[in-house]
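All remarks here apply to the structure that follows.
The values are calculated or read from the model by the stated rules, or taken from the named source; none is laboratory data. Note that this is a predicted model, so its numbers are computed, not measured. Here the Cβ positions follow ideal geometry from the backbone for every residue, glycine too, while neighbour counts run over all protein chains shown.
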């Protein structure tokens, strides 16, 4: 069964600083990988996804993520954060084998931005 | 309306009440999902409907009863809930491309449920 680990429960960064949120997954075959963001009181918004091809994926709002098979990681990055990026971020892995179309989510990383 | 909408946004109910959550997707998708989001826990998949047939029931208690009358609407009927069922209930939809592949899911804003 697939699993996702987001090691950082809470991260605080200064506005304008760079950001990296970590995500490690466990899955036996080629995974489908996603990053979602959730603002307070809202649902989840898709930031980016990786299915195949180029391992560096560009998303919305200036985010990018890099798939590293050797490290089983899919870390999310942004070169310069804005106060509006404060939210909770979820990494998810989906299966590519027949009969298993579930998404498995990590527990999330809460991002706080300080002026 | 665009995307995935959910009503009500907030619901408070007693343990003996019966209520329903509604989800509507305006994306032309053919699959819909219910998730439960509790504090400090990962999102839990509850039900999946594909082409209006339930294809996943993730060991959810029978006090939760889903209904999918058509590809655009999904309901979650609630009865005799427990306080531990208090959570954010999220609906999502996707377009199933091929059997066995993971599709991109688009989420609604959720219903915040409180059971007293």
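Quick look at the values:
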read-out: Among (1) within 14 Å of chain B (Cβ to nearest Cβ); (2) surrounded by 14 or more Cβ atoms within 10 Å (Cβ to Cβ); (3) out of contact with any helix residue (DSSP H, G or I) (no Cβ under 8 Å at 6 or more places or on another chain), the one test that residue A:73 misses; value: (1)
read-out: Filter result for residue A:11 (closer than 20 Å to residue B:94 by Cβ, surrounded by fewer than 19 Cβ atoms within 10 Å (Cβ to Cβ), more than 11 Å from every other protein chain (Cβ to nearest Cβ) and modelled with pLDDT of 90 or more); value: no
read-out: Listing of strands (runs of 3 or more DSSP E) fully contained in region B:27-81 that carry 3 or more residues being within 24 Å of residue B:12 (Cβ to Cβ); value: B:31-37, B:44-50, B:64-70, B:73-79
read-out: Failed criterion for residue B:19 (all others in (1) crowded, with 19+ Cβ neighbours inside 10 Å; (2) more than 17 Å from residue B:109 (Cα to Cα) hold); value: (1)
read-out: Residue that is more than 13 Å from chain A (Cβ to nearest Cβ) and in contact (Cβ under 8 Å) with a residue 24 or more places away in the chain, where the choices are B:12, B:4, B:60; value: B:12
read-out: Candidate set: region A:9-29, residues that are within 12 Å of the chain's Cα centre (by Cα) and assigned to a loop (DSSP other than H, G, I, E, B); chosen: the one farthest from residue A:104 (Cα to Cα); value: A:22
read-out: Scope region B:20-40; condition farther than 21 Å from residue B:72 by Cβ and in contact with a strand residue (DSSP E or B) (Cβ under 9 Å, 6 or more places away or on another chain); matching residues; value: B:36, B:37, B:38, B:39
read-out: Residues of region A:30-59 satisfying the condition of being assigned to a strand (DSSP E or B) and at pLDDT below 90; value: A:32
read-out: In region A:41-59, the residues that are away from chain B (no Cβ under 13 Å) and touching a strand residue (DSSP E or B) at 6+ places or on another chain (Cβ under 8 Å); value: A:55, A:56, A:58
read-out: Positions within region B:87-102 being surrounded by fewer than 19 Cβ atoms within 10 Å (Cβ to Cβ), more than 7 Å from every other protein chain (Cβ to nearest Cβ) and either modelled with pLDDT of 90 or more or closer than 17 Å to residue A:52 by Cα (or both), in sequence order; value: B:97, B:98
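Condition check ((1) touching a residue at least 24 places away in the same chain (Cβ under 8 Å); (2) facing chain B (nearest Cβ under 9 Å); (3) surrounded by 12 or more Cβ atoms within 10 Å (Cβ to Cβ); (4) closer than 19 Å to residue A:8 by Cβ) across all residues:
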| position | (1), (2), (3), (4) |
| --- | --- |
| A:32 | yes, yes, yes, no |
| A:36 | yes, yes, yes, yes |
| A:39 | yes, no, yes, yes |
| A:91 | yes, no, yes, yes |
